[in-house]
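I have placed the structure first, in the form of structure tokens, so that the comments after it can refer back to it.
The values are calculated or read from the model by the stated rules, or taken from the named source; none is laboratory data. These numbers come from a predicted model, not from an experiment. Note that each Cβ is placed from the backbone with ideal geometry, even for glycine, and that neighbours are counted across all protein chains shown. Remember, those area values only see protein heavy atoms, side chains included, never the ligands or the DNA or RNA. Shrake-Rupley method; radii C 1.70, N 1.55, O 1.52, S 1.80 Å.
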Amino acid sequence: MVVVAGTFAGLWAPCQAQNGKPPPLRVLVGAAPGTVMDVAARQIGEVLAQQTGQAVVIDNRVSAGGIQALITLRQAPADGLTVGLVHATQMTAAPSLFTTLPYDTLRDFTHLGILFTGPQVLVVHTAVPAKSWPELLDLLKAQPDKYRYATPGNGTPGHVTMEQIKATVGAEVQHIPYRGAAATTAVLAGEVELMLEGVMPLLPHIRAGKLRPLAIGGAHRVPALPDVPTFAEQGVAGIGTVWVGMVAPPKMAPALVRRLNDALARAVLSPALRAAFESTGRVVAPGSPEAMADTIRSEIPTWRDVVQRARIKPD
């Protein structure tokens, strides 16, 4: 666990402060330290602590699909002191990807709102001879058993989206799941050749010339990588961005939901954090709890089709 301390008066804590301090806010993250979700949670947590005066504890519960974090969240009291940072795949693709998911992503949580959306970038180790996506696709089709891609684990956005890409273009790449940031280390070492991941954690390695970016998801190129074309520009349609939001235990009081939603929106819209997010192509547009629930409801059947068509299974 990582604790970030604040300095101002608490804004939403429903419990009475102890020793003059508001109780800490625990943010459950279903990913390992150093991953995209973990880094985002720490960044948001730091701003929340500064704005509210509550210490923010980042609690990493690593498991396939982030399932353990959401089990823990569902069982926590709905007192506003435990929340979970989630990505779209956890809430919309997981019901189809995992046949025995121990919760319902619509009914078993209080949705606090989507905070931002962001693209993923496809990178290769510099030893891979391909200098562009078309060249990589030719390699994959010519040598279908040679190339592998790394992810931080089963059920992550990179896993599901790479399987979607494979099904779309008719290429074969073996999935090698790692534990968290070890996936990036594996690609940097040349242990695995490819990776599809969020821009922010890969950007230093791209700028250092250790990884070569070939394509990026979403409708537009990102400011930090202006020379990297989108998948759509290169003839691969339907590779979008990944949304990230916050959820809480079920049956939370509406007044508390509103207060948490407001506090989270203020955090991600703070100038420094927003600028950091937007520089890597993220769109910061915090939404309502109702909109988040509607998005999950509408995307579950979409990802069900993708999972079934691509025959995606946890390795």
Checklist outcome for this item: Taking region 200-212 and keeping only residues that are at pLDDT 95 or above and either touching a Gly at 6+ places or on another chain (Cβ under 7 Å) or open to solvent by less than 30 Å² (accessible area, probe 1.4 Å) (or both), one is left with ILE206, LEU211
Next on the checklist: Give me the residue from region 21-54 that is small (Gly, Ala, Ser) and over 13 Å from the mean Cα position of the chain (by Cα) and, out of that set, surrounded by the most Cβ atoms within 10 Å (Cβ to Cβ).
Outcome noted: GLY45
Checklist entry - Restricted to region 130-140, and to residues that are open to solvent by 20 Å² or more (accessible area, probe 1.4 Å) and in contact (Cβ under 8 Å) with a residue 12 or more places away in the chain, which residue is farthest from GLY235 (Cα to Cα)? => result LYS131
Checklist entry - Looking at ALA310, ALA293, which is the one that is surrounded by 14 or more Cβ atoms within 10 Å (Cβ to Cβ), small (Gly, Ala, Ser) and at pLDDT 95 or above? => result ALA293
Checklist entry - Mind checking which residues of region 141-197 are open to solvent by less than 10 Å² (accessible area, probe 1.4 Å) and in a strand (DSSP E or B)? => result TYR149, ALA150, THR151, LEU194, MET195, LEU196
Checklist entry - In the set LEU115, LEU106, which member is touching a residue at least 24 places away in the same chain (Cβ under 8 Å), touching a Lys or Arg at 6+ places or on another chain (Cβ under 8 Å) and farther than 24 Å from VAL236 by Cα? => result LEU106
Item to check | region 235-270, residues that are of a type in the set (A, V, I, L, M) and in contact with a Lys or Arg (Cβ under 8 Å, 6 or more places away or on another chain) | outcome: VAL268
Checklist entry - Out of all the residues in region 236-265, which are in contact with a helix residue (DSSP H, G or I) (Cβ under 8 Å, 6 or more places away or on another chain), over 10 Å from LEU112 (Cβ atoms) and surrounded by fewer than 21 Cβ atoms within 10 Å (Cβ to Cβ)? => result VAL236, ALA237, GLY238, PRO250
Next on the checklist: I want to confirm something. Restricting to region 266-290 and keeping residues that are open to solvent by 20 Å² or more (accessible area, probe 1.4 Å) and of a type in the set (A, V, I, L, M, F, W, C), which single residue is farthest from VAL244 (Cα to Cα)?
Outcome noted: ALA272
Next on the checklist: Could you check region 101-122 and list, in sequence order, the residues that are open to solvent by 20 Å² or more (accessible area, probe 1.4 Å) and part of a loop (DSSP other than H, G, I, E, B)?
Outcome noted: LEU101, PRO102, ASP104, LEU106, ARG107, ASP108
Checklist entry - Is it the case that some residue within region 92-100 is of a type outside the set (Val, Ile, Thr), under 29 Å from ALA208 (Cα atoms) and open to solvent by 30 Å² or more (accessible area, probe 1.4 Å)? => result no
Checklist entry - Does GLY80 satisfy the condition of being on the phi > 0 side of the Ramachandran plot and assigned to a helix (DSSP H, G or I)? => result no
Checklist entry - Pick from ALA13, ALA40, ALA32, ALA17: which is of a type in the set (Gly, Ala, Ser), closer than 16 Å to GLY84 by Cβ and modelled with pLDDT under 90? => result ALA32
Checklist entry - Just to be sure, is ALA232 among the hydrophobic types (A, V, I, L, M, F, W, C), open to solvent by 20 Å² or more (accessible area, probe 1.4 Å) and under 18 Å from the mean Cα position of the chain (by Cα)? => result no
Item to check | Pairs with Cβ under 9 Å, 6+ apart, first in region 223-244 and at negative phi, second among the hydrophobic types (A, V, I, L, M, F, W, C) and open to solvent by 50 Å² or more (accessible area, probe 1.4 Å) | outcome: THR230/ALA219; PHE231/ALA237; ALA232/ALA219; ILE239/ALA232; GLY240/ALA219; THR241/ALA219; THR241/VAL283
Item to check | Qualifying positions in region 264-295 - under 18 Å from the mean Cα position of the chain (by Cα) and charged (D, E, K, R) | outcome: ARG274, GLU278, ARG282
Next on the checklist: Here's a check for you: in region 296-306, which residue that is within 19 Å of the chain's Cα centre (by Cα) and more than 20 Å from ASP108 (Cβ to Cβ) is least open to solvent (accessible area, probe 1.4 Å)?
Outcome noted: VAL306
